[in-house]
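The values are calculated or read from the model by the stated rules, or taken from the named source; none is laboratory data. Keep in mind that this is a model prediction, so the values were computed, not measured. Reconstructed Cβ throughout: ideal geometry from the backbone, glycine too, with neighbour counts over all protein chains shown. Accessible surface areas use protein heavy atoms only, side chains included; no ligands, DNA or RNA. Shrake-Rupley method; radii C 1.70, N 1.55, O 1.52, S 1.80 Å.
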Amino acid sequence: MQTAHQGGGPAPTAPAVIRARGIDHYYEGQTGWIHALSHLDLDIPREEFLCIIGPSGCGKSTFLKIVAGLVEPSAGEILLDGKKITGPGPDRGIVFQEPALFAWRTVIGNVEFGLQMQKMPKAQARERAQQVLDIVGLGHVTNLYPYQLSGGMRHRVAVARAWALTSAKLLLMDEPFSAIDAINRMTLQDYLIDTWMKEKRTVLYVTHDIDEAVYLADRILLMRPSPGRIGRYFHVDMERPRDRNSAEFAALKAEITEEMHKSADDGYESDDASAHAGVAA
Ligand SMILES: Nc1ncnc2c1ncn2[C@@H]1O[C@H](COP(=O)(O)OP(=O)(O)OP(=O)(O)O)[C@@H](O)[C@H]1O
């Protein structure tokens, strides 16, 4: 079976939920401007699970923050279902590395919070929160407080809180499990992909972990650094749940690892050279 194919980026069959065009971003650094993102064009089709990987500093988090509306790009625009993103909104659910739960709210209270903000009637919000907590395997601890949970459970609550948002057209996840040990991380990945299979959502997931990307993604975008830009796409055609011990899985991981090393070595080009990279194969 073919595990992946590369090529000039997305070949979406469904209409794009996210359409990013000409994104450039500069930060002011201590010694001058930092060109964090260059000429980034990217579509994310509906219900796709897209993972972005790449060497440290290639702009993964910057792109996610721009999509979240937390950072305004220096140039270009991003459309969410055809509407320009100008700030944060209830149409996006976000999960960061730290779960940042409300300590004074129970598990279900945390998950209900966003739904109440979205003005969902109380009974309906309770039902929806319970439904998602059941899916992530926390249906039996809804009345506990965050301090009574393990680290992994807290991360599952954070995922449930974002997933429950019926108003969210897109879920943004920035290395949500990177602080968790390897074994528990795999369990969390299982919960996440199981949740996605039960209730398909469009997901933009940033990770350092190639194994995690191959396990989760429909499509993987490898970004290149200095400045951050589109590198290469990998379409993962393996059926889920995926077998991490299969030859196909190992082969794709090896291919991406090799490409990642190449792209890390590729840093420090001039902006001129990279300006023409565009959506490269
Ligand atoms: N607030 C900021 N001010 C100045 N420079 C920043 C800021 N945030 C990010 N940068 C710089 O922009 C570049 C891209 O950073 P970003 O965090 O998006 O990369 P990343 O790929 O997510 O990195 P990592 O994998 O290490 O998390 C880096 O050179 C970083 O130092």
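Would you check which residues across the range 81-113 are in contact with a Gly (Cβ under 8 Å, 6 or more places away or on another chain) and not β-branched (Val, Ile, Thr) and list them? Outline the logic, then answer.
The initial filter retains those residues of the range 81-113 that are in contact with a Gly (Cβ under 8 Å, 6 or more places away or on another chain), namely 85-90, 92-93, 102.
Answer for the range 81-113, where residues must be in contact with a Gly (Cβ under 8 Å, 6 or more places away or on another chain) and not β-branched (Val, Ile, Thr): GLY87, PRO88, GLY89, PRO90, ARG92, GLY93, PHE102.
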- Message: Considering only residues that are in contact with a Lys or Arg (Cβ under 8 Å, 6 or more places away or on another chain) and part of a loop (DSSP other than H, G, I, E, B), which ones fall in the range 62-81?
- Response: GLY69, VAL71, ASP81
- Filter the range 74-85 down to residues that are open to solvent by 20 Å² or more (accessible area, probe 1.4 Å) and either closer than 14 Å to LEU64 by Cα or in contact with a helix residue (DSSP H, G or I) (Cβ under 7 Å, 6 or more places away or on another chain) (or both), then give me how many there are. 3
- Item | In the range 115-130, the residues that are outside any loop (DSSP other than H, G, I, E, B) and open to solvent by 20 Å² or more (accessible area, probe 1.4 Å) | GLN116, MET117, LYS122, ALA123, GLN124, ARG126, GLU127, ARG128, GLN130
- Message: If I ask for residues that are open to solvent by less than 10 Å² (accessible area, probe 1.4 Å) and either away from the ligand (no atom under 12 Å from the Cβ) or β-branched (Val, Ile, Thr) (or both), which ones from the range 55-67 would you list?
- Response: ILE66, VAL67
- Task: Hey, could you check the range 131-171 for residues that are more than 28 Å from PRO45 (Cβ to Cβ) and among the β-branched types (Val, Ile, Thr) and say which is surrounded by the most Cβ atoms within 10 Å (Cβ to Cβ)?
- Result: VAL157
- Message: Restricting to the range 212-234, give me the number of residues that are more than 22 Å from ALA168 (Cα to Cα) and more than 16 Å from the ligand (Cβ to nearest atom).
- Response: 4
- Message: For the range 39-54, give me the residue count where each residue is part of a strand (DSSP E or B) and within 11 Å of the ligand (Cβ to nearest atom).
- Response: 2
- Note on the structure: TYR147 meets each of (1) closer than 25 Å to GLY82 by Cα; (2) not in a loop (DSSP other than H, G, I, E, B) with one exception, condition (1)
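Does GLY57 meet the test of being closer than 15 Å to HIS25 by Cα and either in a helix (DSSP H, G or I) or out of contact with any strand residue (DSSP E or B) (no Cβ under 7 Å at 6 or more places or on another chain) (or both)?
Considered against the rule, which asks whether it is closer than 15 Å to HIS25 by Cα and either in a helix (DSSP H, G or I) or out of contact with any strand residue (DSSP E or B) (no Cβ under 7 Å at 6 or more places or on another chain) (or both), GLY57 comes out as yes.
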